[in-house]
Amino acid sequence: MYKYYPIYRLTIMSDYFLKCSKCNSTYAFNIERKLCNKCGQGLWLEVKTTSLDKYDEEQGIWKYGGILPSVRKEFKISLGEGESPLQKSLRIREKTGISDLWIKDETIEPTGSYLDRCSALFVSVVLNMGYEKILTYSTGNLGASIAAYSSRAGIKTHVQVRPTIDLGKLYQMIIYGAEVKVVETFKEKKGIKNTAIAVEYDPLINEAKKTIMLEIFLQLNRRLPDYIILPMGEGGLVYATYNMLKEIRRLNPTVCKTRIVGVQSEGCKPIVNAFEKGLDFVEPEAESKGRIFDVSVPNPKFGIAALRAIRETEGVAVSVNDREIFEAISLLAEKEGILAEPAGSLSIAGLLKLVREEVIDRDSTVVCVVTGSGLKDPKVMKEIAHRKSNLGVLIEELSGDFKLSSTKTAILRLLSEREMYGYQIWKGLREKYGINVKIPTVYQHLNELVEKGYVKKGEARTIMGRRREYYSLTERGEALV
Ligand SMILES: [Zn+2]
């Protein structure tokens, strides 16, 4: 469909340049340049704003063409991203007491993530520049999204992922037709012929994140909220939002000042640590212990920029634990009908914490950005469904993780009454369930249940001269029965 027009490689880049998010060094635009040569931090694409208006005749993010780099009409790729609803919260509002609470629902994007805005821009620009392939290093959502948009553009995509990737995102990449390679660590290559490289901290990728803040401003009838709450990984979304806010306020000096709140998970929170310690740099964490891989970034490339953005807007950086994140996912689904992935629900978890700690006034206008859909992370969905229902056995079987035989189910039921030792279980199976198996078979089932984490073995006790090992259910086992 699209021809290769090498001439645009020379002409397209005149209206923007790269600027370091930390030391302000500037560079001519070059798609291979991702980080600052001098300080190693992320680069920002400086684009001249021509208009904050929405161009209704355009599709997707191109409705906000006035803040984006220019791309020739025939190269603009879109799957209808952007224009996500800004939902006025009705029921979380009641719970928090915040009178004017809004949820920006990015779960409805074409591949279920706010990064679709970014892929639309990235793929269009590289198509305009004449590239034929894209190589992406991704923790998940970016790879899935680039895969979809490059399919649309007829560009081949290779995605490198780590073994910890969320299953739903891996399925997406494969089915969109990307070639997926699993690696332990990313070693970025440069200079591959006709190949554009996309990374999580890419200047072009980050540029399109601005459209969320502009969209919110327009959806609120050219008003800004008192607070905007965002998840933080690399820090790019916080920095993009900050830049957009500055631009909106420059052109509309009377609008209110928005405080930025950045939320990280306890498992990996270098930016929050720097904020709390009052540092003006971000100490990298040795490794991520985070369960939420898409935002667990031990050494964020926009960490310092995000930290400054939060301080300058008099905002807050806050961390939440897994329990608070799971609570937020449940609440968002039950009270507002929005199914978010863990990273996507960080903003709600952060909001609940800051309301509890009375950091946010209840008469403020607050916008929480929910960045990605829950269906991308079947593991977490399963865990939550386990806790919330009594369909444990069915869920285990349908998800194909573990085929529970009737004997194992009966053993779990017996142990849900009280702890037992091997002989008691054997006897219980026979008397209560009519299951006649040999004692070694009972132990084999028990070992398998221990291995799967449903049953635990207690300390051996000697009773009337006989040594006995007692078995009981773990929390996971209890959830199952
Ligand atoms: Zn720099």
* **From the options P253, P284, residue that is over 19 Å from G315 (Cα atoms), open to solvent by 10 Å² or more (accessible area, probe 1.4 Å) and touching a Pro at 6+ places or on another chain (Cβ under 7 Å)** => P284
* Among the residues of segment 271-315, write down those that are hydrophobic (A, V, I, L, M, F, W, C) and within 18 Å of the chain's Cα centre (by Cα). => I271, V272, I292, F293, V295, V297, F302, A306
* Is it true that some residue in segment 115-135 is open to solvent by less than 10 Å² (accessible area, probe 1.4 Å) and under 17 Å from K376 (Cα atoms)? -> yes
* Look at S405 and say whether it is among the polar types (S, T, N, Q), on the phi < 0 side of the Ramachandran plot, in contact (Cβ under 8 Å) with a residue 12 or more places away in the chain and surrounded by fewer than 17 Cβ atoms within 10 Å (Cβ to Cβ). => yes
* Asked: Under the condition of being within 23 Å of R362 (Cβ to Cβ) and in contact with a strand residue (DSSP E or B) (Cβ under 8 Å, 6 or more places away or on another chain), which residue from segment 203-223 is surrounded by the fewest Cβ atoms within 10 Å (Cβ to Cβ)?
  -> R223
* Asked: Which pairs do you get when a residue that is of a type in the set (S, T, Y), found in segment 37-54, comes within reach of a residue that is open to solvent by 20 Å² or more (accessible area, probe 1.4 Å) and more than 14 Å from the ligand (Cβ to nearest atom), reach meaning Cβ atoms under 7 angstrom, with the pair 6+ apart or on two chains?
  -> T49/E247
* Asked: From the list I165, I175, which residue is outside any loop (DSSP other than H, G, I, E, B) and not acidic (D, E)?
  -> I175
* Asked: Do any residues in segment 114-133 that are under 12 Å from G154 (Cα atoms) have Cβ atoms under 7 Å from those of residues that are small (G, A, S) and part of a helix (DSSP H, G or I), where the two are at least six apart or on different chains, and which pairs are they?
  -> V123/S150; V123/A153; L127/A153
* Which one of these is at pLDDT below 95 and among the acidic types (D, E): E276, E283, E312, E287? -> E287
* Residues of segment 353-382 classified as surrounded by fewer than 18 Cβ atoms within 10 Å (Cβ to Cβ) and part of a helix (DSSP H, G or I), total -> 5
* Only one of N221, N243 is in the same structural domain as Q87 (by TED's automatic domain parsing) and either more than 23 Å from D116 (Cβ to Cβ) or in contact with a Ser or Thr (Cβ under 7 Å, 6 or more places away or on another chain) (or both); which? -> N221
* To do: Could you tell me whether any residue of segment 387-410 is at pLDDT 90 or above and in a loop (DSSP other than H, G, I, E, B)?
  => no
* Asked: Given the structure, is D361 within 13 Å of the chain's Cα centre (by Cα), assigned by TED's automatic domain parsing to the domain that holds I212, modelled with pLDDT under 95 and not hydroxyl-bearing (S, T, Y)?
  -> no
* Asked: Within the group E184, E200, E188, which residue is surrounded by 21 or more Cβ atoms within 10 Å (Cβ to Cβ) and not in a helix (DSSP H, G or I)?
  -> E200
* If you take the residues of segment 41-57 that are open to solvent by 20 Å² or more (accessible area, probe 1.4 Å) and in contact with a Lys or Arg (Cβ under 8 Å, 6 or more places away or on another chain), which of them is farthest from the ligand (Cβ to nearest atom)? -> D56
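The values are calculated or read from the model by the stated rules, or taken from the named source; none is laboratory data. These numbers come from a predicted model, not from an experiment. Virtual Cβ from ideal backbone geometry, glycine too; neighbours counted across all protein chains shown. Ligands, DNA and RNA are stripped out before the accessible areas are found, and what is left, the full protein with its side chains, is counted by its heavy atoms. Shrake-Rupley method; radii C 1.70, N 1.55, O 1.52, S 1.80 Å.
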